[in-house]
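Here is the structure we will look at, set down as structure tokens.
The values are calculated or read from the model by the stated rules, or taken from the named source; none is laboratory data. What you see is a predicted model, and the numbers here were worked out from it, not measured in a lab. Every residue, glycine as well, gets a Cβ built from its backbone with ideal geometry; the counts of neighbours run over all protein chains shown. All accessible areas refer to the heavy atoms of the entire protein, side chains included, with ligands and DNA or RNA removed. Shrake-Rupley method; radii C 1.70, N 1.55, O 1.52, S 1.80 Å.
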Amino acid sequence: MSELLAIGLSHKTAPVGLRERLALPPARAAEFLRDLRAEPEISEAVAISTCNRTELHLVVGDAVEAESAALGMLARQAGIRVTELAPSIYSLRNCDAARHLFRVTAGLESMIVGEAEVQGQVRRAWEAGGAAGTTGPMTNQLFRAAVATGKRVRTETAIGERHLSVSSVAVALARDTLGGLDGREAVVLGAGETGELTARALSEQGVETLFVANRRRERALDLARRYHGHAASFDELPEAIVRADIVVAATSSPHTLLSAEEVRDVMEERGGRSLLLVDLAVPRDIDPACRGIRGVELHDVDDLQAAVDRNRAVRRAEAARAEGIVEEEIQGFATWLGSLEVRPTLAALRSRADALARDVLAENEGRWEGLTEKDRKRVAAITRAVVNRFLHEPTRRMKDTGDGRAHQRMQVVRELWGLDEPEEPALADVHELPRRAREP
């Protein structure tokens, strides 16, 4: 039977230096997913890659073989040995894998607990997997349920009430560092979602913002209109930084955009004015060597952790309510997951019992002297009746999947009886999740 497998690393297990090496920008992610799908033990794949995490959500045959293949591919991408990568990796299966994804989508695994952006990131990762042709029935059900769980958490709790995000925390850090932001000038590298959130937070603090984007020039112009700023190209970046008080970098570029040498040149023209650099990108947009330049203060996403910790207590009570919702939803998913295995496992168990009964009858064939054909049929009927009565209670209990433990039960039954792996059932033949967990 197929299993769910989640493999990844996050801000909880790895520093930004390692996370950026495993980051999967959209163009690279599509090829990576197709390579994963080409592995014999991997039938479906979705990759989530944000500044806080890179995760692979897979449907696999042999979980051990699939995990080894996926780790090897991640290590090759990062240019490191698997043994170096392994300490930072978490690996989860089936309901544990689903629970983790539900928690991620609900914002419970985020650096900023309850952040709203992650739900959109999960949805886009799912859509990207579909576009790459690597999703399937199990991943679609998994991600549909995860997005529905995230929606419930945000609808039924106040976990995101203060609208905290990495961007808002970064702007708060800038305000504290500079002693206020009113009348300051900022440069925002990137016109994506993080760039927009940063722009909004800066605008609320009275900052005049210059948006710099290369491939998304029209998007930068749109942000400039909405947040009363200006837009420029990368060719104008050095001149813009000479004037700016703050530079916030938030692109999806796989390469460094602002080198230490360029920053040194800019600092020579600033007449001793200090410069605050905030790098929200993974991979990083700003060369870490900029920390050693006089007058420059550089912060990356990991540096925001202290500010995050100060806000964590505020959301603790709502997070507890969110945890309860996640557990409710995971029970529904566990029921669905178990139902995938009930019918084929029952069929395999029935087949094994019938075969044993036939074998016993055949072994005793020569001992029944004088047995009439009518008696033989009666003995065969009694044998079938014994098998039916023996299997009745186990069958009833296995069909009762309402408690969400069917998946574990099926694994135990197959192991105890030594059953061969059953054929995959058509997913249209199994029970769907409760409607609550299927709504988009």
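Candidates are the residues of segment 108-120 that are outside any loop (DSSP other than H, G, I, E, B) and surrounded by fewer than 21 Cβ atoms within 10 Å (Cβ to Cβ); the one that is modelled with the lowest pLDDT is Glu117.
Restricting to segment 214-233, count the residues that are in a loop (DSSP other than H, G, I, E, B), open to solvent by 50 Å² or more (accessible area, probe 1.4 Å) and touching a residue at least 24 places away in the same chain (Cβ under 8 Å). Can you show your working first?
Here is the first cut: in segment 214-233, the ones in a loop (DSSP other than H, G, I, E, B) are 214-216, 227-229, 233.
Filter once more, so that each one left must be open to solvent by 50 Å² or more (accessible area, probe 1.4 Å): 214-216, 228.
Narrowing further to those that are touching a residue at least 24 places away in the same chain (Cβ under 8 Å): 216, 228.
Total meeting the criteria: 2.
Can you tell me how many residues in segment 179-210 are part of a helix (DSSP H, G or I) and buried (at least 17 other Cβ atoms within 10 Å of the Cβ)?
Going through segment 179-210, the residues part of a helix (DSSP H, G or I) turn out to be 193-204.
Those still in the list that are buried (at least 17 other Cβ atoms within 10 Å of the Cβ) too: 194-203.
So the answer is 10.
Could you please let me know if Glu236 is open to solvent by 50 Å² or more (accessible area, probe 1.4 Å), among the acidic types (Asp, Glu), in a helix (DSSP H, G or I) and touching a strand residue (DSSP E or B) at 6+ places or on another chain (Cβ under 8 Å)? So that I can check it myself, show each step before the final result.
Values: open to solvent by 50 Å² or more (accessible area, probe 1.4 Å): yes; among the acidic types (Asp, Glu): yes; in a helix (DSSP H, G or I): yes; touching a strand residue (DSSP E or B) at 6+ places or on another chain (Cβ under 8 Å): yes.
Yes; evaluated as a whole, the condition is true for this residue.
With respect to being among the small types (Gly, Ala, Ser), open to solvent by 40 Å² or more (accessible area, probe 1.4 Å) and closer than 24 Å to Pro25 by Cβ, Gly129 falls outside the description.
Of all residues in segment 331-380, those satisfying the criterion of being within 29 Å of Ala145 (Cα to Cα) and open to solvent by 30 Å² or more (accessible area, probe 1.4 Å) are Gln331, Thr335, Arg343, Ala347.
Would segment 61-83 turn up any residue that is of a type in the set (Lys, Arg) and closer than 18 Å to Ala128 by Cβ?
no
Restricting segment 48-79 to residues that are in a loop (DSSP other than H, G, I, E, B) and free of Cβ contacts under 8 Å to residues at least 60 places away in the same chain leaves a set whose member that is surrounded by the fewest Cβ atoms within 10 Å (Cβ to Cβ) is Gly79. Looking at Thr134, is it part of a loop (DSSP other than H, G, I, E, B), open to solvent by less than 10 Å² (accessible area, probe 1.4 Å) and under 27 Å from Ser339 (Cβ atoms)? When the stated conditions are applied, Thr134 passes them. The listed residues are Asp35, Asp96, and the only one of them that is over 22 Å from Ala250 (Cα atoms) and within 17 Å of the chain's Cα centre (by Cα) turns out to be Asp96. Quick check, is Thr251 of a type in the set (S, T, N, Q), open to solvent by 20 Å² or more (accessible area, probe 1.4 Å) and under 14 Å from Thr198 (Cβ atoms)? Judged against the criteria, Thr251 is a match. In the condition set (1) touching a helix residue (DSSP H, G or I) at 6+ places or on another chain (Cβ under 6 Å); (2) in contact (Cβ under 8 Å) with a residue 24 or more places away in the chain; (3) not aromatic (Phe, Trp, Tyr), Leu258 is compliant with all but (1).
Taking segment 89-136 as the range and being over 22 Å from Ile325 (Cβ atoms), among the polar types (S, T, N, Q) and touching a Gly at 6+ places or on another chain (Cβ under 7 Å) as the test, only Thr135 passes. Candidates in segment 35-47 are the residues that are small (Gly, Ala, Ser) and open to solvent by less than 60 Å² (accessible area, probe 1.4 Å); of these, the one that is farthest from Val16 (Cα to Cα) is Ser43.
Confirm whether Ala289 is aliphatic (A, V, I, L, M), in a strand (DSSP E or B), in contact with a helix residue (DSSP H, G or I) (Cβ under 7 Å, 6 or more places away or on another chain) and over 24 Å from Ser49 (Cβ atoms). Explain how you work it out, then say what you get.
Details: aliphatic (A, V, I, L, M): yes; in a strand (DSSP E or B): no; in contact with a helix residue (DSSP H, G or I) (Cβ under 7 Å, 6 or more places away or on another chain): yes; over 24 Å from Ser49 (Cβ atoms): yes.
The answer is no for Ala289.
When residues in segment 177-193 are screened for being modelled with pLDDT under 90, touching a strand residue (DSSP E or B) at 6+ places or on another chain (Cβ under 9 Å) and within 25 Å of Pro254 (Cα to Cα), 2 of them pass. Here Glu297 clears all of (1) of a type in the set (D, E, K, R); (2) at pLDDT 75 or above; (3) in a helix (DSSP H, G or I) except the condition numbered (3). Among residues of segment 82-94 that are under 20 Å from Met138 (Cβ atoms) and open to solvent by 50 Å² or more (accessible area, probe 1.4 Å), those with a beta-carbon under 8 Å from a residue that is among the aliphatic types (A, V, I, L, M) and in a helix (DSSP H, G or I) at least six positions away or on a different chain give the pairs Arg93/Ala63.
Can we say Leu173 is at pLDDT below 90 and assigned to a helix (DSSP H, G or I)? Criteria met by Leu173.
A search for C-beta distances below 7 Å between a residue of segment 187-200 that is among the basic types (Lys, Arg) and any residue that is modelled with pLDDT of 85 or more, counting only pairs 6+ apart in sequence or on different chains, returns Arg200/Tyr227. Restricting attention to segment 277-303, the residues being among the small types (Gly, Ala, Ser), open to solvent by 30 Å² or more (accessible area, probe 1.4 Å) and on the phi < 0 side of the Ramachandran plot number 2.
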